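Below is one structure, written out as structure tokens; comments come after it.
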Amino acid sequence: MINVTEQAALKVQELISSEGYDGYGLRVQVVGGGCSGMQYRLGFDEARDGDKVIEKDGLKVFVDLKSALYLAGSSVDYVEGLMGAGFKIENPNVRSQCGCGSSFQV
């Protein structure tokens, strides 16, 4: 399914707490859009019927069944560097992606 790094789990929990979304988890989705056809969407949410639920270091991650097909074997990480900070998804199913890296094809 999906691996969430410890650093990503801690950052999401920090954001959930600071934004007042106690009881929520992280939803990871694949949606249509972008110049390559598909893109990732991350957000705070609650579990929905049919979701796959992954728990990592106290964080619940929700993935709908359609997105799970595209995300199998993926890893969600939080990285900080000179160019900024943010969440990064490594997806072994991606065949190509746009130049800016915000959308992809499988």
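Among the residues making up segment 33-55, those that are open to solvent by less than 60 Å² (accessible area, probe 1.4 Å) and within 18 Å of residue 11 (Cα to Cα) are 43, 45, 54. Quick one: residue 46 ticks every box in (1) within 19 Å of residue 19 (Cβ to Cβ); (2) in contact (Cβ under 8 Å) with a residue 40 or more places away in the chain except a single one, so which number is it? Exception for residue 46: condition (2).
The values are calculated or read from the model by the stated rules, or taken from the named source; none is laboratory data. These numbers were taken from a predicted model, which means no experiment stands behind them. Virtual Cβ from ideal backbone geometry, glycine too; neighbours counted across all protein chains shown. What goes into the accessible areas is simple: the full protein's heavy atoms, side chains included, and nothing from ligands, DNA or RNA. Shrake-Rupley method; radii C 1.70, N 1.55, O 1.52, S 1.80 Å.
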